[in-house]
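Undergrad: Take a look at the following structure, please.
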Amino acid sequence: MRSKRKTCHGGPSQQEQDSPAVANEVFVIDEEVSHLTRLKSEPSEKTRACLHAGKSHISTFKLLSSRESNRSGFGRFSSADCSYALRKHLPVRGPWCVDSMDCAAYISQFSLDGSLLIGAFRGGRIRIYNADKKWKIHKDITCKSLRWTVSDIALSPDQQYLAYSSLSPTVHIVNVQNAPKQSHANITDVHEGLNFSAADDESSFGIFSIKFSKDGRELVVGNSNESICIYDLGANKVTERIHAHVADVNAVTFADESGGVLYSGSDDSLCKVWDRRCHNRAKPVGVLAGHLDGVTFIDSHGDGHYFISNCKDQTIKLWDIRKLSSATKDCTPKAYEWDYRWMTYPSEARFLKHPYDQSLATFRGHSVLRTLIRCYFSPMHRSEVYIHRI
């Protein structure tokens, strides 16, 4: 068994308490200005010359055809050509402000159809915005029984109910489609509490990740008790508990509509696949290694094969569960110490690689700081990746 890593979750670090300037500092994505500049760039002069394009627009089809026939002599796209092709498919306008609160926003999430945007704030507030009505507030929720902050949110598939968790064993559910716009816990609205603790739990734990099943009948959570728990909403009880990792389980999700397969990610740096149809449900059907630090989020492609994970090692990885292994080879322990809540990621660690990386692709260029940053496949075509940065 691997040694358990010391993890940091749940509250402000001592440095944050002692240094308000650090806590209020707004961080930026590495090279954000140059990134936007590249998106507005033009193809290389050699590419324009070989296509006799002059100053006219060059279609992506022509660029690809030129590359395949090696008309430029490079045998590949130049950096300028890549940026020119990408600018049609990546947003270059914005960002713009939807709302402003007096406390930090830790979570944002779109509904599956993109019509609703949900934001969760440290002060115990959750706001739901209607994207089709110029971001008008659809529901303003004041939460109950929070420990530090709202740690995660999940919208039911029919968009009728919102579940929210905190650093406690209780998940609350609120109806977001009933009449009152203001939903104050158990004052103007009922926030039903679902208890995920067991009678033999020696201490309380926090919930970091929560997801509805595709049919809306179950909730799965990942927690600081190194476990995955599944709650049957019809039976009103926890039906499964799995001791899944050797550190906090920061991310868990259903693989597809069947609800039979789960993906999990932890501060032990591993992603695991669980098949509830197997006789031994307490053992993963496979492990995926490749990250060098704690996994912060997982999003499934929905086809039962692919998912992406975000990590404190400042990477997003794409995985194919058909390439998983039944055993994990330990990699060299990290030779650096840092706290993602207030420190900058060590530059010497930015391009370290796992010697047994099983991922299909690795994406870099974003920052995983302050909180457990999320990543998602794009909701329309499910072939792109985007990051929620708060």
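Undergrad: Which is more than 24 Å from ARG374 (Cβ to Cβ), under 25 Å from the mean Cα position of the chain (by Cα) and not hydrophobic (A, V, I, L, M, F, W, C), of GLY124, GLY193?
TA: None of the other options fit; the residue is GLY193.
Undergrad: Could you count how many residues in the range 321-336 are surrounded by fewer than 13 Cβ atoms within 10 Å (Cβ to Cβ), within 23 Å of the chain's Cα centre (by Cα) and at pLDDT below 90?
TA: 1
Undergrad: Go through the range 54-100 and give me each residue that's charged (D, E, K, R), within 24 Å of the chain's Cα centre (by Cα) and open to solvent by less than 70 Å² (accessible area, probe 1.4 Å).
TA: Result: ASP99, single match.
Undergrad: So ALA198 clears everything in (1) free of Cβ contacts under 8 Å to residues at least 40 places away in the same chain; (2) open to solvent by less than 30 Å² (accessible area, probe 1.4 Å); (3) in a loop (DSSP other than H, G, I, E, B) except one condition, right? Which one?
TA: For ALA198, the exception is condition (1).
Undergrad: What pairs can you find where one residue is in the range 174-193 and without any contact (Cβ under 8 Å) to a residue 60 or more places away in the chain, the other is of a type in the set (Gly, Ala, Ser) and part of a strand (DSSP E or B), and their Cβ atoms are less than 6 Å apart, with a gap of 6+ or different chains?
TA: Pairs found: VAL174/SER183; ASP189/SER183; HIS191/ALA185.
Undergrad: Going through GLY302, GLY290 one at a time, which residue ends up being open to solvent by 20 Å² or more (accessible area, probe 1.4 Å), part of a loop (DSSP other than H, G, I, E, B), farther than 23 Å from PRO169 by Cα and not polar (S, T, N, Q)?
TA: GLY302
Undergrad: Write out, first by first residue and then by second, each pair whose Cβ atoms fall under 7 Å of each other, whose residues are 6+ apart or on separate chains, and whose first residue, in the range 359-374, is under 12 Å from ASN310 (Cβ atoms) and aliphatic (A, V, I, L, M) while the second is in a loop (DSSP other than H, G, I, E, B) and open to solvent by 30 Å² or more (accessible area, probe 1.4 Å).
TA: Here the result reads ILE373/ARG389, each pair linking the range 359-374 to a residue that is in a loop (DSSP other than H, G, I, E, B) and open to solvent by 30 Å² or more (accessible area, probe 1.4 Å).
Undergrad: Same structure, new question: When you check LYS312 against the structure, is it under 23 Å from SER378 (Cβ atoms) and of a type in the set (Lys, Arg), yes or no?
TA: No: the conditions fail for LYS312.
Undergrad: Let me ask another. Only one of ILE187, ILE207 is hydrophobic (A, V, I, L, M, F, W, C), closer than 18 Å to CYS143 by Cβ and more than 22 Å from the chain's Cα centre (by Cα). Can you tell me which?
TA: Only one candidate passes the filter, namely ILE187.
Undergrad: Still on this structure, I have one more. Working only within the range 232-260, note down all residues that are closer than 23 Å to GLY216 by Cβ, open to solvent by 20 Å² or more (accessible area, probe 1.4 Å) and within 21 Å of the chain's Cα centre (by Cα).
TA: Correct list: ASP256, GLU257.
The values are calculated or read from the model by the stated rules, or taken from the named source; none is laboratory data. Here the structure is a predicted model, which means the values were calculated and not measured. Quick reminder, even Gly has a Cβ in these numbers, built from the backbone with ideal geometry, and neighbours come from all protein chains shown. When the accessible area is computed, the model is the full protein with side chains, heavy atoms only, and any ligands, DNA or RNA have been set aside. Shrake-Rupley method; radii C 1.70, N 1.55, O 1.52, S 1.80 Å.
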